[in-house]
1. Looking at segment 293-303, can you tell me whether even one residue there is on the phi < 0 side of the Ramachandran plot, aliphatic (A, V, I, L, M), surrounded by fewer than 24 Cβ atoms within 10 Å (Cβ to Cβ) and in contact (Cβ under 8 Å) with a residue 24 or more places away in the chain?
2. Given (1) of a type outside the set (Asp, Glu); (2) under 30 Å from residue 141 (Cβ atoms); (3) in contact with a strand residue (DSSP E or B) (Cβ under 8 Å, 6 or more places away or on another chain), identify the lone condition not met by residue 271.
3. For segment 30-44, check the following and say yes or no: at least one residue is surrounded by fewer than 18 Cβ atoms within 10 Å (Cβ to Cβ), of a type in the set (S, T, N, Q) and within 11 Å of the ligand (Cβ to nearest atom).
4. In contact with a strand residue (DSSP E or B) (Cβ under 6 Å, 6 or more places away or on another chain), part of a strand (DSSP E or B) and either at pLDDT 95 or above or surrounded by fewer than 22 Cβ atoms within 10 Å (Cβ to Cβ) (or both): is that true of residue 116 in this structure?
5. Which pairs turn up if I take residues in segment 255-272 that are over 17 Å from residue 42 (Cβ atoms) and charged (D, E, K, R) and look for partners that are part of a loop (DSSP other than H, G, I, E, B) and at pLDDT 95 or above with beta carbon separation below 6 Å, at least 6 apart in sequence or on another chain?
6. Within segment 59-70, identify whether any single residue is in a loop (DSSP other than H, G, I, E, B), surrounded by fewer than 22 Cβ atoms within 10 Å (Cβ to Cβ) and among the β-branched types (Val, Ile, Thr), and answer yes or no.
7. Quick one: would you say residue 159 is closer than 20 Å to residue 293 by Cβ and surrounded by fewer than 20 Cβ atoms within 10 Å (Cβ to Cβ)?
Amino acid sequence: MSTHIIGVGGYLPEHIMTNDDLAQIVDTSDTWIRERTGITQRHIIDKDEYTSDLATRAAAQALEDAGLSIDDMDAIVVATTTPDMIFPSTASMVQHKLGGKGFPAWDIQAVCSGFVYGLAQVDGMMKGGMFKRVLLIGAESMSRILDWQDRNTCVLFGDGAGAVVLEFNDDEGGVVGSVLHCDGSYRDLLLAKHAHPGASPHHTRAKQDRLNMNTDAAGVAAVEMKGNEVFRFAVTKLGEVVKEVLEKYDVAQSDVDWLVPHQANIRILNATAKKLGLTADQVALTVAQHANTSAASVPLALNDIYRAGKVKKGQLLLLEAFAGGFAWGANLVRWSK
Ligand code: COA
């Protein structure tokens, strides 16, 4: 018996902000952003949308893909750094919006590593006999916690949601296993300081313009980052963690068919792909269109290659992510759909 991904979904808000749009706001250029990050555009959540709305849409698509309804689920887990409110959990709102009731729903917070952490957590719970079917979602509205005056950070992020339906069954393949890490001593290199009012439009609506950019006046948390140092640490730790997960589960590097990386910067994910000896067409790549959607980025990248019909049954996928904390990790999944 193992944990299988039996449904995949994704959702991106309609509004697209290009690099040229950003250059109207801060001192930057399309060339700089493209060359340093690989990003060309990002999707930005609408004024009246919440993280739970993005999550609900991605989850609905994943349920449809699995041919199941919300009543078939035993739990909902949402990985998010930008919940609608401090409480109740975004997962509880997604449950309600999907018409579910009674079964457990909770959020997890590991920033950009949230989905990788979530997959490890749910896999462990399924192996322990807790659940047969779980909706696991990564959803973010990062645009609401950015300082839109800070070119070092505001060019890097976007909004969106990705979701999977997980089922514990005796089919071949499924989740092979995971490796997770955290080192809280790096707190000051990547953080959003205030303990909310947060991502909620409840607090900021009056001050927002069309693109939800005016978050500072409401005392909302803003992402701060020492990009260079984060970059170096991410490249090193991701290189280590992908080797570690392969060694732990006795899998040869050459057996990996797909790298499904966190989409922070094309240079970071190319460095990891190179260490694994993978070619460009073995890497799920969405950073150009989505930018860094934090916890949503890995499931959105998975959704992208899945919907393009590129992932084949029996192939081995290596998912990895690096996040504020620092928190990082990797999962190995033998595709069984
Ligand atoms: N437009 C134009 N110039 C910019 C800019 C922007 N948006 N952002 C920064 N710069 C400038 C800097 O001010 C600096 O100028 P200076 O040399 O005059 O001081 C210069 O570009 C170089 O900055 P540097 O930080 O050395 O660039 P870099 O090559 O490290 O790229 C990042 C910057 C942020 C793209 C890169 O460090 C990065 O991707 N870091 C990791 C980010 C990440 O993964 N975060 C999330 C983890 S989950």
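The values are calculated or read from the model by the stated rules, or taken from the named source; none is laboratory data. Just so it is clear, the model here is predicted, and its values are computed rather than measured. Note that we place each Cβ from the backbone using ideal geometry, even for glycine, and neighbour counts take in every protein chain shown.
1. No - not one qualifying residue is present in segment 293-303.
2. (3)
3. Yes: one or more hits.
4. Spelling it out, it is not the case that residue 116 is in contact with a strand residue (DSSP E or B) (Cβ under 6 Å, 6 or more places away or on another chain), part of a strand (DSSP E or B) and either at pLDDT 95 or above or surrounded by fewer than 22 Cβ atoms within 10 Å (Cβ to Cβ) (or both).
5. Correct list of pairs: 257/315.
6. The answer is no, given that none of the residues of segment 59-70 is in a loop (DSSP other than H, G, I, E, B), surrounded by fewer than 22 Cβ atoms within 10 Å (Cβ to Cβ) and among the β-branched types (Val, Ile, Thr).
7. Judged against the criteria, residue 159 is not a match.
Here's the yes/no breakdown for (1) within 11 Å of the ligand (Cβ to nearest atom); (2) assigned to a strand (DSSP E or B):
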| position | (1), (2) |
| --- | --- |
| 267 | yes, no |
| 288 | no, no |
| 299 | no, no |
| 302 | no, no |
| 310 | no, no |
| 313 | no, no |
| 320 | no, yes |
| 325 | yes, no |
| 332 | no, yes |
